1. Counting just the residues of segment 253-274 that are part of a loop (DSSP other than H, G, I, E, B) and under 12 Å from residue 232 (Cβ atoms), which one comes out modelled with the lowest pLDDT?
2. So how many residues does segment 131-152 have that are out of contact with any strand residue (DSSP E or B) (no Cβ under 6 Å at 6 or more places or on another chain), modelled with pLDDT under 95 and either on the phi > 0 side of the Ramachandran plot or not hydroxyl-bearing (Ser, Thr, Tyr) (or both)?
3. Would you mention how many residues in segment 136-192 are in a loop (DSSP other than H, G, I, E, B), of a type in the set (Lys, Arg) and surrounded by 18 or more Cβ atoms within 10 Å (Cβ to Cβ)?
4. Against the condition more than 32 Å from the chain's Cα centre (by Cα), modelled with pLDDT of 95 or more and either in a strand (DSSP E or B) or exposed (fewer than 13 other Cβ atoms within 10 Å of the Cβ) (or both), how does residue 77 come out, does it pass?
5. Report, ordered by the first and then the second residue, all pairs with beta carbons closer than 7 Å, sequence separation of six or more or different chains, a first member in segment 96-115 that is farther than 30 Å from residue 50 by Cβ, and a second member that is part of a loop (DSSP other than H, G, I, E, B) and small (Gly, Ala, Ser).
6. Name every residue in segment 128-150 that is under 27 Å from the mean Cα position of the chain (by Cα) and either of a type in the set (Gly, Ala, Ser) or over 17 Å from residue 185 (Cα atoms) (or both), in order of residue number.
7. Being assigned to a strand (DSSP E or B) and under 21 Å from residue 52 (Cα atoms) narrows it down to one of 92, 131, so name that one.
Amino acid sequence: MKRFFRPLALLLLAGALFSCEKDRLMSIEDEGPVVNPLANFEVTKDPADGFSYSFKNLSSNYEKLEWRFGDDTLSTLASPSHVYLTTGKFQVDLKAFSSTGAVTRKLVDINIVADSVAKVTAVKTGVLNQVKFGISVKAKIKTIMWTFLDVTPNVQSSSMEPVRNYNAGSFNAFSVRVETEKGSVINLSKFVTPEGIAENITQNYTSFTASTNNSNTNENAAKLVDNNLDTKIYLGGPPLPLTFKFQYASAQTVKIYAIGSANDSDTRDPKIWTMEGSNDDNVWTVLDSRTQTSTFYAQAGNQFKKLFYFTIAEPKPFVYYRWRITSMSGSANFQASEIRLFR
């Protein structure tokens, strides 16, 4: 009898397992096919407002959308518009959700550069060393505040076109803050001379070379362009002329250049030099010539590590610029802390 029931029990167990497996397969089949959405969109910048963008939804097979604009804001509209409140780089992230829960996304970077939204000008008024400032903004201006840093305490102005008087040959810092009618804010910091706005292009070079260099990396030519007055180049008895040459990717119009004095022995200061430009690295045009009657140290009231600015009377566009030194201030050795070019 036991022999009869044992095969019967096995058959019943197998039937039960088959029934469970069949139910599971039927359950999977009942879920239906997965719907895969496609996230896609186009971006359009408002030509009248550099902070405003519209987003055209081109997604398909979706049930729900989520937009994130890279500034902690979210929208679930199909084709939203958005106003950024500051300059910077933002990543737009669109997620498309299907009816079956599948998700796809598309990412697009938006970069709002302050200098592309607002352009500051400073033009000579006709009065000696007097400059009138102006600004054009790709948005409607609500408020504006200029801060002029050449005096202590600083001077502020809410005028659209403030006028300032400067000392001849001076190099002066200022900033301007603009708030648009939509609440976006632009902050710009610039330099100005009695000749106008000066933009530092020193670091934009594609190559910077010296006719003579120092094997000591603590005092070599790279220290001339590291934007640090506390470092310097030192050369012991270099062959003259001594040259430092910039190459740019395209022609630049340098209007002002600066030389920084180093930290000791002012007899090593350059005394006679020229600033020159070229478009082929072969034929050079003299743009400015200088012969110092006193050292940088003496000119700065017996202080080291100061910047001295020199204007180019007739600036022209050149791919190459070189500082060509033919004499030092009493020593055969040379030193300087910085060279900077401004357009």
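1. At the first step, the residues of segment 253-274 found to be part of a loop (DSSP other than H, G, I, E, B) are 254-255, 261-265, 269.
Remaining after also requiring under 12 Å from residue 232 (Cβ atoms): 261-265, 269.
Details: 261: 96, 262: 96, 263: 93, 264: 89, 265: 93, 269: 97.
That would be 264.
2. Of the residues in segment 131-152, 1 are out of contact with any strand residue (DSSP E or B) (no Cβ under 6 Å at 6 or more places or on another chain), modelled with pLDDT under 95 and either on the phi > 0 side of the Ramachandran plot or not hydroxyl-bearing (Ser, Thr, Tyr) (or both).
3. Of the residues in segment 136-192, the ones in a loop (DSSP other than H, G, I, E, B) are 138-140, 149-154, 158-162, 166-171, 181-184.
Now narrow it down to the ones that are of a type in the set (Lys, Arg): 138, 140, 182.
Restricting the remaining residues to those that are surrounded by 18 or more Cβ atoms within 10 Å (Cβ to Cβ) gives 138.
Summing the residues that are in a loop (DSSP other than H, G, I, E, B), of a type in the set (Lys, Arg) and surrounded by 18 or more Cβ atoms within 10 Å (Cβ to Cβ) in segment 136-192 gives 1.
4. On the way: more than 32 Å from the chain's Cα centre (by Cα): yes; modelled with pLDDT of 95 or more: yes; either in a strand (DSSP E or B) or exposed (fewer than 13 other Cβ atoms within 10 Å of the Cβ) (or both): yes.
The answer is yes for residue 77.
5. Short answer, once both residue conditions are applied: 104/39.
6. Here is the first cut: in segment 128-150, the ones under 27 Å from the mean Cα position of the chain (by Cα) are 131-150.
Hits for segment 128-150 are 131, 132, 133, 134, 136, 139, 148, 149, 150.
7. 92
The values are calculated or read from the model by the stated rules, or taken from the named source; none is laboratory data. A quick note: this is a predicted structure, and the numbers were derived from the prediction, not measured. We place every Cβ from the backbone using ideal geometry, glycine too, and count neighbours over all the protein chains shown.
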